[in-house]
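Undergrad: Before we start, here is the structure in question, set down as structure tokens.
The values are calculated or read from the model by the stated rules, or taken from the named source; none is laboratory data. Everything numeric in this text was worked out from a predicted model, so none of it was measured. Positions of Cβ are generated from backbone atoms using ideal geometry, with glycine treated the same way; all protein chains shown enter the neighbour counts.
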Amino acid sequence: MAQPTTTPRRRRGSLLTSYYGGTTDASGAPAEASVDPLDDMNIDTDGFNAPKYVGSLLQYKSLEQLVGRGNSMVSEIKSLDSDMQMLVYENYSKFISATDTIQEMKERVDGMEGAMKALEDNFGYISRASEAVSSSFSARRGELERLNTVKKTLKKLQFLMDLPARLQDCIAEGELALAVRCHAKAVKIMAAAGKHAAGFDGIRSECEQIMARLSSSLHERLEDESLPPDALCETVWLLLRLGGREDSLLPTFLERRRKALTTAINAFTPAVGADAAADADAAADAAADAAEGDAAEAPEAGEGDGAGGRGEGLLPARAPTRSVTAEHTRQLGALVVPQLLELVAAWRDKFGGEGGGGEAEASRERKEGMLAECVGEVCGALLEAVRQLMSEEAVPSEELLEGCGELLDAIAPLHEELPAAKLQLRATRLAEGLARRSVEQQLARLGDRLSGAVEEMASPDPDGDAPSGSLHAELRAVGGTASLCVRDALSLVAPLLAPLCEQLRTRADGMALHLVQRLHAAVRCMLTKALAPRRAPRAVLLCAGCCLQMAAGGVADVPEALRQLLAPQGLAGAALGFDSAALTADFRAAADSLLQRFVEMQAQALSRHLSRRVQATDWLNCPPPNGVTPLVRTLVAELRAMQRVAASLFPSEPLKPMLPQGPFPPMTPLEQQLAVKLAASAGGGGGTASIQMDLQRIFARKVSFEAGGFDGGGKNARGREPTLGGMVGHVAKLTLKTLVEEVRCATFSKHGFQQMQVDAAMLRWVLPAAADGEPLLALLDEAFLSCQERSLECVPLEHTVLEAFCENERRSLLAAIH
């Protein structure tokens, strides 16, 4: 099927594109996306079917999409109308301009014919005059050339005859370079004379004596350590022209300059105030003069390499007022870099070598290597001085950034002159190292602040234990302080990453990764400080609460803060490198470990107190019981105090009251069996009851204060997360375990056994209300059985008597609370 002819619309577009410029395809049409001319759904083709297109939109598009498409078509129509008007205006403007140009060309062409005629006549006159001059001198050309040769020879002879006196005059007037050049010229003339030079032996001898005395005086001057740099360079150059050895003179020159510049760097003292401003102006003027002088001596050298702007590169005006660090860095660069540039220029001018050939090229390369080594050593001392200047603890990140910029700007012109020394690379590495060190210092201070917050929180409270509400507020305050410290540190460091990396021409993501790693280490400082050994249980509990706060949300806030501060610089992805999941798990594990430590410390303290009270009581001489002993009151009070303090870590868990709940418990099976046993013993048949009691007895091991209630992950023995009730129950179990062991070691009278029965009954009524009752009841039964075995006369109290004693104690507890 034949292709359709080009549409008028496309033809107009092609003409406009060819006239106004634009890319075209191989066929000459404007370069645009290929369009099927038979596509009836394309609005840019002749076969466009408007009803079908509108129907398709109504069928497949939502109302919101239809409104958007309508708005976009209105915008496209307005845009096309504007483009067409602009093309018309441009076409009209170019037409007027072309008319004016044609008129101007016509006026100029009218006057060109006369000028061309006059120029043709002038060229003809010049040609005829040249032919006349050539014909008049052709007969005597040979004679003139011979006489000119004789004249040159006589001038050379006259120069040789006057040479000794001229050398003396030059030396006397201080024109040593002129004397050396004259002597070198005379040597060439006498060498060219060959066998005829014997007549000049006297002149040669006298000149050699004069130059020998000059060489001796130059060597003496070279020994002067205070010789200025330009005089030192001139002296070495003169000695080389007088036949001195390069392998000794050139290293001596470089060593003298290196030593002088290194001494100046080590003795550098920053100027302050008006002195700094005056020095800056003087250095800028000197740099500008040096740049103008270099441009005058080598006008073509600066066209392609930017050498003409060296004065501006040495002392750039980075800011109206520089920071102290940046100003000191600028002063140090202004002290050393101009002298190094003068050294490079003088070395290449005086000792660079002339001529071509492989030997001359090898000599130039060797000398460039010597120069690069010397400049590299001096710049090494300069960079070390800058490093010491910027390594102070008090240098803010903004000043460090500005100081690094001053350093790179100072090194830049020297790097352009001597790229073989790799000075820019060394300066960049130094600046990058300083930047990394600044990040580490800022985040190390963050770690100290976080550790200090933990230490301050865990420090002993001079006012005693605070209520749980204030402890909970204190923990929340510590979490807020940690987040604030992290944001403060990141706000000082994060905004400088992109500008610093742009300045150093390094990858910003590498610096951002370093920031993330150091931030991770800083946050871990808080974890390390929280896990530090502490003697006070309250401090251990607060550290556990701090770890729980960080695990609950404090750690998750860190990557969010990173994203917010790094997003404006396009580095938000670096926040993904912060392993918040692992750090959260570490904080949670630390919290569980600290909670376990707190439980053990509480259990140890309460067990020691219980042991002392049991051992101090004379159970053989006890009076008849009249109520609960202080032992039970102390145990309940300590458990209630621990529960109240630990409740700050579990605000969502309801606080169970440490009070008797419900009616007084009935007799336990063991008490019932004991009553049966005693009755049977009175009747002579207690063997069966005794065997049953022994079978039901729980074997109690020696109490251990190692990790028994929680596993390695901080969970309790059933694999659940620690709870307030679990902590109270664990402390109570360890304490009752101690009670069992102490009962087994004591001996009880009738009244002592009854007193222990009253205390056990009260604990059986109180403890299950605040913790898991089964293990506690089992331990109380074991203590009751052990007391029975250690009793000399086992006569239990009636259950109603026990209930009366415990009811009185319950009322006392309620009165004490209210």
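Undergrad: Quick one: is Val599 crowded, with 19+ Cβ neighbours inside 10 Å, assigned to a loop (DSSP other than H, G, I, E, B) and at negative phi? Lay out the reasoning, then the answer.
TA: Values: crowded, with 19+ Cβ neighbours inside 10 Å: yes; assigned to a loop (DSSP other than H, G, I, E, B): no; at negative phi: yes.
No, not satisfied.
Undergrad: Do we have any residue at all in segment 749-771 that's closer than 22 Å to Glu638 by Cβ, in the same structural domain as Pro654 (by TED's automatic domain parsing) and surrounded by fewer than 18 Cβ atoms within 10 Å (Cβ to Cβ)?
TA: Yes, because at least one residue in segment 749-771 is closer than 22 Å to Glu638 by Cβ, in the same structural domain as Pro654 (by TED's automatic domain parsing) and surrounded by fewer than 18 Cβ atoms within 10 Å (Cβ to Cβ).
Undergrad: Continuing with the same structure: Going through segment 772-788 one residue at a time, which ones are without any contact (Cβ under 8 Å) to a residue 12 or more places away in the chain and either outside the structural domain of Leu659 (by TED's automatic domain parsing) or not small (Gly, Ala, Ser) (or both)?
TA: Within segment 772-788, Glu774 is the sole residue that qualifies.
Undergrad: Of a type in the set (Ser, Thr, Tyr) and either closer than 23 Å to Gln643 by Cβ or in contact (Cβ under 8 Å) with a residue 60 or more places away in the chain (or both): which single residue out of Thr800, Thr738 fits that description?
TA: Of the residues listed, the single one that is of a type in the set (Ser, Thr, Tyr) and either closer than 23 Å to Gln643 by Cβ or in contact (Cβ under 8 Å) with a residue 60 or more places away in the chain (or both) is Thr738.
Undergrad: Checking the conditions here, which among Ala431, Ala410, Ala444 is assigned to a helix (DSSP H, G or I) and assigned by TED's automatic domain parsing to the domain that holds Arg538? Quick ask: steps written out before the conclusion?
TA: Values: Ala431 fails: assigned by TED's automatic domain parsing to the domain that holds Arg538; Ala410 fails: assigned by TED's automatic domain parsing to the domain that holds Arg538.
From the options Ala431, Ala410, Ala444, the qualifying one is Ala444.
Undergrad: Taking the residues in segment 541-557 that are surrounded by 24 or more Cβ atoms within 10 Å (Cβ to Cβ) and aliphatic (A, V, I, L, M) as candidates, determine which candidate is farthest from Ala646 (Cα to Cα).
TA: Val555
Undergrad: Between Leu160, Leu240, which is closer than 30 Å to Asp349 by Cβ and at pLDDT 80 or above?
TA: Leu240
Undergrad: Now for a separate question. Name the one entry in Leu655, Leu620, Leu631 that is under 30 Å from Gly545 (Cβ atoms) and either in a loop (DSSP other than H, G, I, E, B) or modelled with pLDDT of 85 or more (or both).
TA: Leu655
Undergrad: Please find, among Leu119, Leu144, Leu87, Leu66, the residue that is of a type in the set (A, V, I, L, M), assigned to a helix (DSSP H, G or I), out of contact with any His (no Cβ under 6 Å at 6 or more places or on another chain) and under 30 Å from Ile189 (Cβ atoms).
TA: Among Leu119, Leu144, Leu87, Leu66, only Leu144 is of a type in the set (A, V, I, L, M), assigned to a helix (DSSP H, G or I), out of contact with any His (no Cβ under 6 Å at 6 or more places or on another chain) and under 30 Å from Ile189 (Cβ atoms).
Undergrad: Here's something else I'd like to know. Looking for whichever is small (Gly, Ala, Ser), surrounded by 10 or more Cβ atoms within 10 Å (Cβ to Cβ) and either at pLDDT below 85 or within 30 Å of Ala98 (Cα to Cα) (or both) here; the options are Ser27, Ser34, Ser82. Which one fits?
TA: Going through Ser27, Ser34, Ser82 in turn, the sole match is Ser82.
Undergrad: Only one of Gly662, Gly685 is exposed (fewer than 14 other Cβ atoms within 10 Å of the Cβ), in a loop (DSSP other than H, G, I, E, B), modelled with pLDDT of 70 or more and over 60 Å from the mean Cα position of the chain (by Cα); which?
TA: Working: Gly685 fails: modelled with pLDDT of 70 or more.
Going through Gly662, Gly685 in turn, the sole match is Gly662.
Undergrad: Residues to consider are Arg608, Arg518; find the one that is assigned by TED's automatic domain parsing to the domain that holds Leu635 and either touching a strand residue (DSSP E or B) at 6+ places or on another chain (Cβ under 9 Å) or in a helix (DSSP H, G or I) (or both).
TA: Arg608
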